[in-house]
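Participant: If you scroll down you'll find the structure; I have some questions about it.
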Amino acid sequence: ARVGDRVKKGDPLLTIESNESLNRYTIKAPIAGVVTQRDANAGEQTDGRLLMTLTDTSSVWVDLAVFPVERSRVVPDLPVSITPALGGQPVEGVIAMIETDADPHDQSVIARVELEGAGPQLLPGTFVTAEVKAGEYRVPLAVRRTAVQSFREHQVVYALVGAVYEVRMLELGRAAGDWVEVLDGLASGDRYVTRNSHLIKADIEKLGASHDH
């Protein structure tokens with residue numbers, strides 16, 4: 001078997017010959033997996049060394065660095081969404097354990113997620129990013145973060161009323177992920193700009209400057 005070959009349990013990997021009896025023995029795969037290392041070549045002496053390494057990629061560990069500012073909120077059994085650094089569909093899991101020793105360089109601790117059937121996008125040794133759901137709460141009204149702009153010392157969104165955009169000054173509450181809680185300034189059912197709102201802001205500021213002039 002060569003490096004990169006995927007084998008099943010019981011597949012033949014290599015044949016060795018005894019120097020004493022000259023009998024040949026076939027070494028079979030003890031598990032299913034991928035050949036990730038081979039130090040055996042035809043005609044070489046084994047000399048008691050490691051000949052081949054199989055890696056079972058059906059189950060992987062994801063080690064996440066948790067920094068001090070987040071440590072109190074990250075605990076075992078919390079749900080986690082893991083995304084490969086190069087992109088792709090997130091994989092869902094839960095925190096299985098948290099190590100007790102911190103890294104002396106950045107004071108982070110490792111939170112480990114065990115994944116079954118993660119797929120080829122999460123190969124051992126690759127980098128990932130993760131979002132940990134540390135809490136959940138419901139709010140009466142929220143807007144997308146991408147909609148909120150700073151305007152004259154206020155946080156605003158641009159609401160569509162008929163064919164005209166209006167500036168709505170907001171009182172905001174808690175924020176999580178892509179959403180921000182709205183305490184005042186917008187009503188349920190109001191239509192507002194979620195993308196490219198900075199373009200409307202620029203147009204309004206240009207109009208304001210021309211009127212001031």
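Participant: Out of all the residues in segment 127-137, which are in contact with a strand residue (DSSP E or B) (Cβ under 7 Å, 6 or more places away or on another chain) and exposed (fewer than 15 other Cβ atoms within 10 Å of the Cβ)?
Facilitator: Going residue by residue through segment 127-137, those that are in contact with a strand residue (DSSP E or B) (Cβ under 7 Å, 6 or more places away or on another chain) are 128-133.
Across segment 127-137, the qualifying residues are T129, E131, K133.
Participant: Now a separate question. Of all the residues that make up segment 155-170, how many are of a type outside the set (S, T, N, Q) and touching a Gly at 6+ places or on another chain (Cβ under 9 Å)?
Facilitator: The first filter runs over segment 155-170 and keeps only residues of a type outside the set (S, T, N, Q), leaving 156-170.
Then drop every residue that is not touching a Gly at 6+ places or on another chain (Cβ under 9 Å), which leaves 156-157, 168-170.
The qualifying residues number 5.
Participant: Continuing with this model, one more query. For T36, state whether it is under 27 Å from the mean Cα position of the chain (by Cα), part of a strand (DSSP E or B) and farther than 30 Å from G135 by Cβ. Steps first, please.
Facilitator: Values: under 27 Å from the mean Cα position of the chain (by Cα): yes; part of a strand (DSSP E or B): yes; farther than 30 Å from G135 by Cβ: yes.
Criteria met by T36.
Participant: From the residues in segment 105-121 that are open to solvent by less than 50 Å² (accessible area, probe 1.4 Å) and in contact (Cβ under 8 Å) with a residue 40 or more places away in the chain, which one is farthest from D56 (Cα to Cα)?
Facilitator: Only one residue tops the list, namely S108.
Participant: Select from segment 161-174 the residues that are modelled with pLDDT under 90 and not charged (D, E, K, R) and write down the one among them that is nearest to A134 (Cα to Cα).
Facilitator: Looking at the filtered set, the residue picked out is V167.
Participant: If you go through segment 138-160 one residue at a time, do you hit one that is surrounded by 10 or more Cβ atoms within 10 Å (Cβ to Cβ) and out of contact with any strand residue (DSSP E or B) (no Cβ under 9 Å at 6 or more places or on another chain)?
Facilitator: Scanning segment 138-160 turns up at least one residue that is surrounded by 10 or more Cβ atoms within 10 Å (Cβ to Cβ) and out of contact with any strand residue (DSSP E or B) (no Cβ under 9 Å at 6 or more places or on another chain).
Participant: Looking only at segment 45-104, how many residues end up being assigned to a loop (DSSP other than H, G, I, E, B), open to solvent by less than 80 Å² (accessible area, probe 1.4 Å) and either under 18 Å from L123 (Cα atoms) or among the hydroxyl-bearing types (S, T, Y) (or both)?
Facilitator: Counting residues in segment 45-104 that are assigned to a loop (DSSP other than H, G, I, E, B), open to solvent by less than 80 Å² (accessible area, probe 1.4 Å) and either under 18 Å from L123 (Cα atoms) or among the hydroxyl-bearing types (S, T, Y) (or both) gives 8.
Participant: Of all residues in segment 175-213 being under 12 Å from R145 (Cβ atoms), open to solvent by 40 Å² or more (accessible area, probe 1.4 Å) and not in a loop (DSSP other than H, G, I, E, B), which is modelled with the lowest pLDDT?
Facilitator: Selected residue: A176.
Participant: Here is a further query. Filter segment 16-44 for residues that are among the charged types (D, E, K, R) and surrounded by 10 or more Cβ atoms within 10 Å (Cβ to Cβ); which is modelled with the highest pLDDT?
Facilitator: Per the stated criteria, the residue is K28.
Participant: Checking L170 against (1) outside any strand (DSSP E or B); (2) surrounded by 17 or more Cβ atoms within 10 Å (Cβ to Cβ): exactly one of these is not met. Which one?
Facilitator: Only one criterion is unmet by L170, namely (1).
The values are calculated or read from the model by the stated rules, or taken from the named source; none is laboratory data. All values reported here derive from a predicted model rather than from experimental measurement. Backbone-built Cβ (ideal geometry, glycine too); neighbour counts: all protein chains shown. Ligands, DNA and RNA are excluded from the accessible area calculation, which covers all protein heavy atoms including side chains. Shrake-Rupley method; radii C 1.70, N 1.55, O 1.52, S 1.80 Å.
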